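The values are calculated or read from the model by the stated rules, or taken from the named source; none is laboratory data. Nothing here was measured: the structure is a model prediction, and the numbers come from that model. Note that we place each Cβ from the backbone using ideal geometry, even for glycine, and neighbour counts take in every protein chain shown. Surface accessibility is based on the protein's heavy atoms, side chains included, excluding ligands, DNA and RNA. Shrake-Rupley method; radii C 1.70, N 1.55, O 1.52, S 1.80 Å.
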4 protein chains.
Amino acid sequence: MTDSTDSPTNSTANCPTDPQALADAVTQAMWSRDRASQGLGIQILSVKPGYALMRMPVRGDMVNGHHTCHGGFMFALADSAFAFACNSYNQNTVASACHIDFLAPAREGDVLEAEAVERSVSGRTGVYDITLRTRSGKAVALFRGKSYRIKGEVIAGLEQVASSH
Amino acid sequence: MTDSTDSPTNSTANCPTDPQALADAVTQAMWSRDRASQGLGIQILSVKPGYALMRMPVRGDMVNGHHTCHGGFMFALADSAFAFACNSYNQNTVASACHIDFLAPAREGDVLEAEAVERSVSGRTGVYDITLRTRSGKAVALFRGKSYRIKGEVIAGLEQVASSH
Amino acid sequence: MTDSTDSPTNSTANCPTDPQALADAVTQAMWSRDRASQGLGIQILSVKPGYALMRMPVRGDMVNGHHTCHGGFMFALADSAFAFACNSYNQNTVASACHIDFLAPAREGDVLEAEAVERSVSGRTGVYDITLRTRSGKAVALFRGKSYRIKGEVIAGLEQVASSH
Amino acid sequence: MTDSTDSPTNSTANCPTDPQALADAVTQAMWSRDRASQGLGIQILSVKPGYALMRMPVRGDMVNGHHTCHGGFMFALADSAFAFACNSYNQNTVASACHIDFLAPAREGDVLEAEAVERSVSGRTGVYDITLRTRSGKAVALFRGKSYRIKGEVIAGLEQVASSH
C-alpha cells in the first residue's frame, strides 16, 4: 500500500478487481494502520473474501486475577479477525455488536487462533462467526459479530489520509 | 492483602465480614494479580458489593485500522469492571458470556469510564450491565455479562499462591 | 386509525406532531395489524416515545416440557414491547438482533409484565432494554434488543395498505 | 413413553443406553408434555444426540404489525429445536441465555425449518447454534443458545409426574 501514497494516479483506478487480490490489498492497508493488532502480537495467517485466520500468543501481560487470559484479549483477537473478514471487500465496515461465549480458560504461553467465517451479508449488515482455539484445536471461545457497513472504502480512506499531509 | 502472605494465621479467619470491607479486600487481592488490567492502564475508581467503576485512557497502541479505539480494548475495560463487580463477594466467579453493543467510536486520548451494576444473581449465575462512557458522559458501548461462580474464594486463592513459594 | 382509511386527506397531514400523540397514534395503527400480539393475549398498558409497558398472562398452551413457560412466549412478550417502543416515533423500525437472559421460570397463570426502555438511538440503530417481571415484581428475564430503522412510516404504511384495496 | 406411566417397573431401568434410542425416548417424553410446541404447529423432523431439526408453518396469527412473522414465533421455533437438542441426553437442561440475529423477514405461509447443532458442552453449560431457514434454504435467522444443566432427568421427571396421580 505504500505505492499508493507515492502515486499521482487515482487510488481507485489501482484497486484490484479480483476478490482475493482486493482482500490482500485491503488487508495490507488495514494492517499498516492497525497499531492495536500489531501491539497485541497478532499474526495474520490468511484473509480471503469474508474470511480471516489469525494467531496470537497469550503473553504474561494478558493474564488476569484468576491466572488465566483476560477475556478482553481473547475478545480482541476474535474482534481483529472479525474486522479483517468483514472489511475484505474494501467497504468500510465496523462492529455493531458482538457476543462471546467463553468455553474454557486460556493460559500464558498458549497460542490462540481465531477463524472468522461469514454467515450472512444482507444490505448494510452482516453476521460473522469467529471460533477461538488453542493450537491443539480445542475451542476456548465462540464469538458472533454483527457488522455494519458505513461510508467510504478502506483503501480510499488510506489515500485520503496520505493526501492530507 | 500483603499481610496474608506474611501471616501464619489462616486467611479466612482474617476475611472481613462487612460486605464493603470484603469487597475492598477482594479488590486489592485481584488487582495485585491482574497484570492485564494493570498493563491496560486501568484505574479502579470504586468497587462495592456487586458494583465497580473503572477508568482507562485510550492510548495510541489501542487504535485500529479505522483510527478508532479497537473494540477489544473497549471490551477489556468493561470486562475488568464486570470481573471486579462479580467477584466482590469473594467467591471465584468467571465470565460465562458477554454481549457488547458499540454505540459510538472512541478515539486516542479519550478517557473511558466503565460502570458495572448487578442486575441479577441467582444460584451460580448472575447478570451485570456495564456502561462505557467518555468523560463527557456520552455512552459509547453497552456491555451485558453473564457470570458463573466456580469453586474457591478470591482471597483464599491468593493465600495458596503465597504458600506455594 | 380507522379514520385514515376513510379519509380522502393525506395521512401525513393528519400525523400528530406532539411526540406522545404520535406515539399513541402509532400504537393504535400497529396494534390493529398485529395479529400475533393480539393472539398472544398481550395487553398494552402504556406506550410513550421510546418506551412501552405490556402485560401477558401465561396460558396453558404456553407451557413446555419442563412445565414452565416456553422461552419463546417470554421472548415474544418482550419483543412486542420492544417493537412498540422503537416504532413510537412513526419510523418503521425492525429488530436486528435480540439477546435474552432467562433468570427464573414463569408458570401457567403467572401474569408477566414487559417494560421496554430506550438506552441509545444513533443513526439507524438503537438499543432497548426490556425487563420481564412477574406481578410480584420479580425479574424473570432480561432482554436487550438492537433496532434498525428501515424505509417508510408506520402510519403511512397503513395508509398504503388501505389504499391498495 | 406412554408405557412408563402404566408400568410398575422403575423407569430408569427401562432407560435406553444407546444414545440414539435414549434421544428418541426423551423426545417422545418431552413432546407429550410440550403443549407450547404442539400449539405452535411445530413438527419434529429429527432428533439425535445434541441435534434437532424441526419445522413450523407461519400462520396468520403469527404475523405482526409489519405484516411479517413476529420475532417471538421465529424465536420460539428455534428455542424448541434448542431444547430438544440439549435435552437429548436425558439430563434436564434449560436455556440460560439466547441470542438471535434476524436476517430476513418470514411471511405468512412460509414454512420455517430450525436446525440445532451442538457447538460445545463443558460441565453444566453448553452452546448450541440454531439456523432458521425457509424451505428454499434461505437463512432468515441465526440463534445461539447457552444451555444449563439442572437437577433431574427428563424421563424420570415424567415418571414422577405420572406417579403423583
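Taking the stretch C:42-53 as the search range and keeping residues that are hydrophobic (A, V, I, L, M, F, W, C) and farther than 14 Å from D:His70 by Cβ, which one is surrounded by the most Cβ atoms within 10 Å (Cβ to Cβ)?
Ranking the candidates gives C:Ala52 first.
Tell me, which strands (runs of 3 or more DSSP E) wholly within the stretch D:78-162 include 2 or more residues that are open to solvent by 50 Å² or more (accessible area, probe 1.4 Å) and within 12 Å of another protein chain (Cβ to nearest Cβ)?
By residue number, D:111-122, D:139-153.
With the structure loaded, tell me whether D:Met74 is buried (at least 17 other Cβ atoms within 10 Å of the Cβ), at pLDDT 95 or above, at the interface with another protein chain (Cβ under 10 Å from one of its Cβ atoms) and within 25 Å of A:Arg144 (Cβ to Cβ) or whether it fails that test.
yes
Go through (1) of a type outside the set (Phe, Trp, Tyr); (2) surrounded by fewer than 24 Cβ atoms within 10 Å (Cβ to Cβ); (3) out of contact with any His (no Cβ under 6 Å at 6 or more places or on another chain) for C:Met56 and report which single condition fails.
(2)
Whether any residue in the stretch A:114-127 is in contact (Cβ under 8 Å) with a residue 12 or more places away in the chain, over 20 Å from A:Ser46 (Cα atoms) and in contact with a Phe, Trp or Tyr (Cβ under 7 Å, 6 or more places away or on another chain) is what I want to check.
Yes, the stretch A:114-127 contains at least one residue that is in contact (Cβ under 8 Å) with a residue 12 or more places away in the chain, over 20 Å from A:Ser46 (Cα atoms) and in contact with a Phe, Trp or Tyr (Cβ under 7 Å, 6 or more places away or on another chain).
Just one of the numbered conditions (1) at pLDDT below 95; (2) out of contact with any Gly (no Cβ under 8 Å at 6 or more places or on another chain) is not true of A:Ala52; which one?
Here A:Ala52 clears every test but (1).
B:Ala97 fails exactly one of the following numbered conditions: (1) farther than 21 Å from C:Phe143 by Cα; (2) over 14 Å from the mean Cα position of the chain (by Cα). What is the number of that condition?
Going through (1) farther than 21 Å from C:Phe143 by Cα; (2) over 14 Å from the mean Cα position of the chain (by Cα) one by one, B:Ala97 breaks only (1).
How many residues are under 12 Å from the mean Cα position of the chain (by Cα) and open to solvent by 40 Å² or more (accessible area, probe 1.4 Å) when one looks only at the stretch B:16-33?
Residues that pass the stated criteria total 2.
I'm checking my understanding of the structure. Among residues of the stretch A:59-70 that are within 7 Å of another protein chain (Cβ to nearest Cβ) and open to solvent by less than 10 Å² (accessible area, probe 1.4 Å), which one is nearest to B:Phe84 (Cα to Cα)?
A:Gly65
What is the one condition in (1) under 13 Å from the mean Cα position of the chain (by Cα); (2) open to solvent by 10 Å² or more (accessible area, probe 1.4 Å); (3) modelled with pLDDT of 95 or more that B:Gly39 does not satisfy?
All conditions are met except number (1).
Let me spell it out: the conditions are (1) under 23 Å from D:Ala78 (Cβ atoms); (2) in contact with a Leu (Cβ under 7 Å, 6 or more places away or on another chain); (3) not β-branched (Val, Ile, Thr), and C:Asn90 meets all of them except one. Which number is the exception?
(1)
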